[in-house]
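Trainee: I'd like to ask some things about the structure below.
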Amino acid sequence: MRKYELMYIVNASLDEETRQGLIDNLKNQVERNQGVVSDVTEMGMRDFAYEIDHMTKGFYVLMTFEADVETVVELERIMRLNRSIIRHMNVRLDEE
C-alpha cells in the first residue's frame, strides 16, 4: 500500500449534516477496501481564486490515507460522479 493525500472541495450550499455524511462516506470507502485513513482535516469554507460553475466559495477537506491502486481508482470514480464535489486532487506521497 502507498500513502496518498486527497484534497477535495465540497459544494458550499450543502448543510452540515449532508456535508459530514459525504466526508464520512469517502473515508469509509477507503476503509472498506482495506485502506487506512490516518487523518481527515476539515479546512473549512474558503473563497475561490476564480468562479467555478457560478460558485465563489467551497468547503475544503484534506484526507491522508494508505491504500492500494484499485482503491484510489474507485475513489476517483466516486468523486467524479458526485455533483457535490466541485474539484478534487489526489497526490501520491513519496516513500521515505
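Trainee: Tell me which residues, restricted to segment 7-36, are touching a Ser or Thr at 6+ places or on another chain (Cβ under 8 Å) and either exposed (fewer than 11 other Cβ atoms within 10 Å of the Cβ) or of a type in the set (A, V, I, L, M, F, W, C) (or both).
Mentor: Val10, Leu14, Leu22, Val30
Trainee: With the requirement that a residue be surrounded by fewer than 16 Cβ atoms within 10 Å (Cβ to Cβ), on the phi < 0 side of the Ramachandran plot and small (Gly, Ala, Ser), what does segment 37-83 give you?
Mentor: Once the filter is applied, which keeps residues that are surrounded by fewer than 16 Cβ atoms within 10 Å (Cβ to Cβ), on the phi < 0 side of the Ramachandran plot and small (Gly, Ala, Ser), segment 37-83 yields Ser38, Ala49.
Trainee: Moving on to the next point. Could you say which residue among Val61, Val72, Val30, Val36 is modelled with pLDDT of 95 or more and touching a strand residue (DSSP E or B) at 6+ places or on another chain (Cβ under 7 Å)?
Mentor: On the way: Val72 fails: modelled with pLDDT of 95 or more; Val30 fails: modelled with pLDDT of 95 or more; Val36 fails: modelled with pLDDT of 95 or more.
None of the other options fit; the residue is Val61.
Trainee: What residue, among those in segment 85-96 that are touching a residue at least 60 places away in the same chain (Cβ under 8 Å) and loosely packed, with under 15 Cβ neighbours inside 10 Å, is farthest from Asp15 (Cα to Cα)?
Mentor: Narrowing segment 85-96 to residues touching a residue at least 60 places away in the same chain (Cβ under 8 Å): 85-93, 95.
From the residues that got through so far, the ones that are loosely packed, with under 15 Cβ neighbours inside 10 Å too are 87, 89, 91-93, 95.
On the way: Arg87: 18, Met89: 23, Val91: 28, Arg92: 31, Leu93: 32, Glu95: 38 Å.
Of everything passing the filter in segment 85-96, Glu95 is farthest from Asp15 (Cα to Cα).
Trainee: Further, regarding this structure: Being under 12 Å from Leu6 (Cα atoms), among the charged types (D, E, K, R) and not in a strand (DSSP E or B) is the filter here, so list the residues in segment 66-82 that pass it.
Mentor: Matches in segment 66-82: Glu76 only.
Trainee: Hey, another quick one. Report yes if Thr41 is within 20 Å of Arg2 (Cβ to Cβ) and in contact with an Asp or Glu (Cβ under 6 Å, 6 or more places away or on another chain), otherwise no.
Mentor: Values: within 20 Å of Arg2 (Cβ to Cβ): yes; in contact with an Asp or Glu (Cβ under 6 Å, 6 or more places away or on another chain): no.
No; evaluated as a whole, the condition is false for this residue.
Trainee: Are any residues in segment 19-65 over 15 Å from Ile9 (Cβ atoms), part of a strand (DSSP E or B) and either within 10 Å of the chain's Cα centre (by Cα) or in contact (Cβ under 8 Å) with a residue 40 or more places away in the chain (or both), and if so, which ones?
Mentor: Across segment 19-65, the qualifying residues are Thr64, Phe65.
The values are calculated or read from the model by the stated rules, or taken from the named source; none is laboratory data. All values reported here derive from a predicted model rather than from experimental measurement. When we count neighbours, we look across all protein chains shown, and the Cβ atoms used for this are built from the backbone with ideal geometry, even at glycine.
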